[in-house]
1. Using only alpha carbon positions, build the gyration tensor of region 210-357, then give the equivalent ellipsoid semi-axes as the square roots of 5 times its eigenvalues, largest first, whole angstrom.
2. Given R₀ = 41 Å, FRET efficiency for Ser439-Ala57 by Cβ-Cβ distance, to 0.05?
3. Holding the Cα-Cα limit at 30 Å, pick out from Lys24/Lys354; Lys24/Lys84; Lys84/Lys138; Lys84/Lys312; Lys312/Lys354; Lys84/Lys192 the pairs that are longer than that.
4. For a protection proxy built on the mean count of beta-carbon atoms within 10 angstrom, sort 541-549, 228-236, 358-366, 194-202 highest first, please.
5. Run the paramagnetic zone check for Glu483: 7 angstrom along Cα to Cβ, then residues of region 521-547 with backbone nitrogen under 11 Å.
6. With a 1.4 Å probe and every protein chain kept in, tell me what percent of the accessible surface of region 1-150 is carbon plus sulfur.
7. If you plug each phi of region 344-359 into the Karplus form 6.51 cos²θ - 1.76 cosθ + 1.60 with θ = phi - 60°, what whole-Hz ³J(HN,Hα) values come out, in order, with x for Gly and Pro?
8. Calculated FRET efficiency, Ala314 and Leu241, Cβ-Cβ r, R0 41 Å, to nearest 0.05?
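The values are calculated or read from the model by the stated rules, or taken from the named source; none is laboratory data. Bear in mind the structure is a predicted one, so any value in this text is a computation, not a measurement. Note: ideal-geometry Cβ built from the backbone for every residue, glycine included; neighbour counts use all protein chains shown. Note: accessible area is taken over every heavy atom of the protein model, side chains too, but ligands, DNA and RNA are not part of it. Shrake-Rupley method; radii C 1.70, N 1.55, O 1.52, S 1.80 Å.
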Amino acid sequence: MHSAGLELALVFLLAAVIAVPVFKRFGLGAVLGYLAAGVVLGPFGIRVVNDAAPVLAASEIGVVMLLFVIGLELSPSRLRVMRKPVFGAGGLQVAVSGAVLGVLALCLGLDWRAALVVGVGLALSSTAVGLQLLAERKALTSDYGRLGFAILLFQDLAAIPLLAAIPLLGQSMLGGVATTATTQPPWWAVAKAVFAIAALVFGGRVLLRHVFRVVARTRMPEVFTATALLVVLGSAWLMQLAGLSMGLGAFLAGVLLADSEFRHELEAQIQPFEGLLLGLFFMAVGMSIDLNRVMAEPLTIVLGVTVLMTVKFAILFAVGLRPGRLDVREALLLGSVLALGGEFAFVVFGEAEKAGLLAGMMRDRLVAIVGLSMALTPLLLIAISRLLAAQPVRAKKRPYDRIVDEHPQVLIAGFGRFGQIVARLLVAQRIPFVAIEHSPEQVEFVRRFGNQIYYGDPARAELLRAAGGANVRVFVIAIDDVESNLKAVRLIRSEYPDAKVFARARNRRHAWELMDLGVEVVRETFHSSLKMGELVLVALGEREDVAAQRAERFRQHDEALLRTQHQVYDDEAALIQTSQEARKDLEQLFAADLGEGVLGGMVERDRESSTPK
């Protein structure tokens, strides 16, 4: 098929719809599914596409949009906080990986200029593949995910001087004779880059929010979408015009809008385009893998991929440990995510060939190595993840805090949002309490706000005794995990059988299990949901007193149903029957309020009989 129209689009969509669910079903991830689909459709598969270069160039817009969305998550203040991991860990990784890989290229007989370009080019990892793998595993906010993003961000920045230096290195290699590709002096390329970044930052700060405010007033979603796409693609085009990464421009535009009131709307508008185009990008990468080169020189290509991924994995593992301060498990995951080559290598090696630094055959080998490393990285991550999952976690466990018995009247177990609200009410009434939380991260976070809270396990008898449990009048169990919640309640009931215990219940079944232990149950979302329902009735025109009465009637009815079903909650058929009967009873109660139905008629007759004649 040579058409680039509707048929080609249909084939791409069909390949994605088939390949991605199949690969996800076997736990191989979406990225590998897209890559495999690209290999099948490409010039070395069934030849739906004979030339992958135009598809790859067009699909890079997906990477651009991905970086824009990431920029929206990072305000300038957060970027300032990230400067140490970006320039520390990121700079160290690029410098060490580039030096090691460059020396290896030098040993293969390349000129030192070509070896420098090859070393730094291979040191760069794929932003698109790395971030997609992290997103699939919901690891972008993990410690290794944040460090991985910082390293990728520095790599995008490092590509700028590398591209600017290639013409200079090519010119010096040719003995100072300028070619048509290197007619401009290198300093001009650097000046253009600095000017473009400054123009984007200044223009974005001054203009972007005003533009979106004006567009938002039109109240036309399609115009807002068009404006969002214009900003993303315009920023990318400006950076490309200056010889920089398109993704860098989109990323900077996202950062400039991260603090704006349009952040979430922009993200919602861009993400559908980002997902589709990113999938197309991975397909294009799969099409770009030169299977003929791999089959012609299998040992060379396999050895190249092995050396590349081994060197980068080892360096990333070391950088993750120091200065990244990750534990061994997370450092291994960091290495497995970023050990691959990057999409920028295609551009770097192409420019190096134009400048006379690399021969065409060497460029083909390097591109095949990078493409194959992208295809193997999801498999490497899966293997490392399963290996780590099979190993027991040896977490560094800090000792529980020593709690001084200050004769508190209340003990709060669990100090998340639920427990904190109870605590604030007690503080306002100057009632002494002690709070215990099992998460060390939550303890450190809450202590920053000046709250006195202790780290420990509320399900340990000695800790409760140390906290003055014998004198506690009321225990508040606000732990969100159901099993931990029940474990703490059982211990308190056995140690302090006469104490008053209030426990947070996640759902009705959890509430019934707590009721078995004889505690007062508070369902965590019941009362807030009931209040919202009351507000909805008022918004629909009901009088406030009538809406409050209806909500109170529903609360009484539902709590009576909870107690009734507590007797039969192990019998599913009985539960269903009681639920159906309760719904009918509730409908009749509300119908009676309106003077309708059988109950309504009875109420009306009672009123008439009681009215004096």
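1. Working through the eigenvalues yields semi-axes of 37, 22, 15 Å.
2. Values: r = 48 Å, r/R0 = 1.17.
According to the calculation, E is roughly 0.30.
3. In this structure, Lys24/Lys354; Lys24/Lys84 lie more than 30 Å apart at Cα.
4. 228-236, 358-366, 194-202, 541-549
5. none
6. 71
7. So the Karplus estimates, Gly and Pro as x, are 5, 4, 4, 6, 4, 6, x, 5, 5, 5, 4, 7, x, 7, 10, 6 Hz.
8. Working: r = 38 Å, r/R0 = 0.93.
With R0 = 41 Å, the Cβ-Cβ based efficiency is 0.60.
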